[in-house]
Structure formats: C-alpha cells, structure tokens
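Participant: Supplied in structure tokens, the structure appears directly below.
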Amino acid sequence: MIRIVMTQDEELLLGTIATLLDLEEDMEVVGRATNREHTLELIRKYQPDLLILDIENLLREGPLEVEDCRILVLATFAKEGYLDKVRESRADGYVLKDSPSDELTLTIRRILDGNQIYSPNLLAERNDASNDIPLDPGPVKKNYFTMIMDKMKHPTG
C-alpha cells in the first residue's frame, strides 16, 4: 500500500484529489495539510511513502527535507522556472493538475519504483524526455481515479 500525505492550499482540491486517490487499490492518503508545519507533523506521525506538494507551497515555504519519503509536486500552470525549482528541491516528480488522471496515478507508482518523473508538457521546450512518463505502463491495475475523472470530463445529458 502506498501511503500518501498531501499538501495543498485549496481545501476543495485537496479533498477531491485525496478522495479519488483513496479509491485506488494500492494507495491511501493518510494525511492532508494546508501548510508546512502541519505537513511536517503528518510526515512525522504517519511516515508516508510519498508527499504530494503543491508548487505554491514549495515556492512560498521552500523545499522540505524529509527522509524516506519521495516528493511529487503538482502545479496548475507550466510557468518558466518552475521545473528548475522542482529539480533544485530534489523532488522526484512534477505533474500538471490538468494532466490526464491516469498520468497522476502512474506517476505515483513509477516514483515509488525509484524513478524521477516529469510531465511531458513540462519537458516539451527542453527536449528532455529521459524522465518522461512512458506510453506502456505495464500491467494494468483497477484505476478508479481515472474512471471517475474520465466520467467527469464527459457529462451525460
């Protein structure tokens, strides 16, 4: 089971992503925080495998020094300089919030396998695809997060 702590300023988004990740068979969001102090408290308490950190928290509060916990940064926009800041912080991955939903879950799994993953949208200008998310994700796991997000993209009626 992949144990996750999330840090995000926007509580609605924090709750939504956390709830959807909890639907994955191999993921559990064990803590949710809106600031650095609470994030560090949750990391000490739950010792998660992964911290999902909003780029705004990273830029405002600086990198987090956490042991035995990988870090994935989420951003709304691919602003110039963000990728460099993420790499300087030694984060293991960086994905845009508007990426396909299956990209987030695949990225989480690949990071926990020891890879550094950066969204293809963020690398396009740099022509640096060495850490790109592969087209073939390997064995398919039941992915409730993707199913729900896809349904939200295609409303009925």
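Participant: Residues with amide H under 5 Å of Met27's amide H, sequence separation 5 or more or different chain, H placed in the peptide plane at 1.01 Å from N; which?
Facilitator: Ile2
Participant: Shifting gears a bit: Per-residue counts of other Cβ atoms within 10 Å, averaged by peptide: what ranking do you get for 14-26, 43-55, highest first?
Facilitator: Packing proxy ranking, top to bottom: 43-55, 14-26.
Participant: Report the local net charge at Arg44: Lys and Arg +1, Asp and Glu -1, summed over other residues whose C-beta lies under 14 Å from its C-beta.
Facilitator: Neighbourhood net charge equals -2.
Participant: Relative to the present Cα-Cα distance, how much length would full extension add between Lys45 and Leu59 at 0.36 nm per residue of separation?
Facilitator: Additional length available on full extension: 2.6 nm.
Participant: While we're looking at this one, here's another question. Sticking with the crude label model, points 7 Å out along Cα→Cβ, report the distance from Glu28 to Thr76 in nm, one decimal please.
Facilitator: According to this spin-label approximation, the distance is 3.3 nm.
Participant: At 1.4 Å probe size, with the rest of the protein present, what percent of the exposed accessible area of the range 69-118 is carbon and sulfur atoms?
Facilitator: Result for the range 69-118: 42 percent of the exposed heavy-atom area is carbon or sulfur.
Participant: Per residue, how much accessible surface does the range 1-124 expose to a 1.4 Å probe? Answer in Å², no decimals.
Facilitator: The answer is 49 Å² per residue.
Participant: While we're here: So what's the Cα pair-distance distribution over the range 1-83, bin width 5 Å, in %?
Facilitator: 3, 15, 28, 26, 18, 8, 2, 0
Participant: Right, another one. With charges only on Cβ, +1 for K and R and -1 for D and E, what is the dipole size of the range 25-113 about its Cα centre, in debye, rounded to 20?
Facilitator: 220 debye
Participant: Which far-off residues, 5 or more places away or on another chain, put their amide H under 5 Å from the one on Leu53, with H placed in the peptide plane?
Facilitator: The list, which skips near neighbours in sequence, is Thr7, Leu72, Val73, Leu74.
Participant: Step through the residues of the range 107-115 one at a time and calculate ³J(HN,Hα) from phi using the Karplus curve (6.51 cos²θ - 1.76 cosθ + 1.60, θ = phi - 60°), rounding each to whole Hz and writing x for Gly and Pro.
Facilitator: Going residue by residue, I get 4, 4, 5, 5, 4, 5, 7, x, 8 Hz, with x marking Gly and Pro.
The values are calculated or read from the model by the stated rules, or taken from the named source; none is laboratory data. Since the model is a prediction, treat every value here as computed from it, not as a measurement. Cβ sites come from the backbone with ideal geometry, for glycine too, and all protein chains shown count toward neighbours. Heads up: the accessible areas ignore ligands, DNA and RNA and are worked out on the full protein's heavy atoms, side chains in. Shrake-Rupley method; radii C 1.70, N 1.55, O 1.52, S 1.80 Å.
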